[in-house]
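The next block holds one structure in the form of structure tokens; read it before the comments.
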């Protein structure tokens, strides 16, 4: 059976998603917990988007393939459905900065990575002293200068659509930097914190944080609104565009098509990735 796992984590003390020898990672902790809970020698999960060191997730999605009898046996004497029992057992094993929200049986065509239609990230910035809550310091970037969100939103218009985002990506040999950004907008939340919402079909390495870094320079008056479009058009990574710190970034949600459309989506996405010679999952 294929199991869809919805999870969240505070990335502050993780070296990103991907398992790495000798380092504490989300994938490493999750796979070890699953192997223990299901009494398996090892477990392998596939994720919607590999987050970088220090990046958080509230709506991450992964999938796992396992024999049904293994899941049933792991529930022991519990009267609850096996997957509900598995969620409780995993949360009892996992550290407090990594939580499973749910685990459900998914169609065989579901793929956490390739079935995704879009990923939504949020980047949070406290740009005034009264908005700087020390209890949120690991999840919100503190900036000393007030930001002009109107100028940032004017600049963001040029960054939305189907483009080559090479100017905002960390280069990877053989990987495409062409993406479709569906939405990029800045708003203030109920506490006054400035929040960038970024939605795209996928992201290349450091893309969201580079987009944010570009717009922050416009927001504090060091560049004009036209600069963002000029950087995009150059299609080459520029040292003038800073990569915003990881702490302010959170993967909020991953969108998928209805179950009946999963198979078609999987074929389209895999074909496109092969054509583009992308070696890994989208990565932020």
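Which of the following residues is more than 25 Å from residue 149 (Cβ to Cβ) and loosely packed, with under 13 Cβ neighbours inside 10 Å: 267, 262? So that I can check it myself, show each step before the final result.
Working: 262 fails: loosely packed, with under 13 Cβ neighbours inside 10 Å.
The match here is 267.
What do you reckon, is residue 123 in contact (Cβ under 8 Å) with a residue 12 or more places away in the chain and more than 22 Å from residue 61 (Cα to Cα)?
Values: in contact (Cβ under 8 Å) with a residue 12 or more places away in the chain: yes; more than 22 Å from residue 61 (Cα to Cα): no.
In short, no.
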Checked 76, 54 against criteria (in contact (Cβ under 8 Å) with a residue 24 or more places away in the chain, assigned to a loop (DSSP other than H, G, I, E, B) and either in contact with a helix residue (DSSP H, G or I) (Cβ under 9 Å, 6 or more places away or on another chain) or surrounded by 15 or more Cβ atoms within 10 Å (Cβ to Cβ) (or both)); the one match is 54
Given (1) touching a residue at least 60 places away in the same chain (Cβ under 8 Å); (2) surrounded by 14 or more Cβ atoms within 10 Å (Cβ to Cβ); (3) touching a helix residue (DSSP H, G or I) at 6+ places or on another chain (Cβ under 7 Å), residue 245 misses just (3)
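For every residue, the table says whether it meets (1) modelled with pLDDT of 95 or more; (2) not in a helix (DSSP H, G or I).
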| site | (1), (2) |
| --- | --- |
| 176 | no, yes |
| 209 | yes, no |
| 221 | yes, yes |
| 229 | yes, no |
| 252 | yes, yes |
| 271 | no, no |
| 275 | no, no |
Within the stretch 147-171, restricting to residues that are touching a strand residue (DSSP E or B) at 6+ places or on another chain (Cβ under 6 Å) and assigned to a strand (DSSP E or B), the one that is farthest from residue 209 (Cα to Cα) is 162
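Taking residue 104, is it part of a strand (DSSP E or B), free of Cβ contacts under 8 Å to residues at least 60 places away in the same chain and closer than 26 Å to residue 257 by Cβ?
Working: part of a strand (DSSP E or B): yes; free of Cβ contacts under 8 Å to residues at least 60 places away in the same chain: no; closer than 26 Å to residue 257 by Cβ: yes.
So residue 104 does not fit the description; no.
Please verify whether residue 148 is closer than 28 Å to residue 233 by Cα and modelled with pLDDT of 95 or more, treating the condition exactly as stated.
yes
The values are calculated or read from the model by the stated rules, or taken from the named source; none is laboratory data. Keep in mind it's a predicted model, so treat the numbers as computed, not measured. A quick note on method: Cβ atoms are made from the backbone with ideal geometry, for glycine too, and the neighbour counts reach across all protein chains shown.
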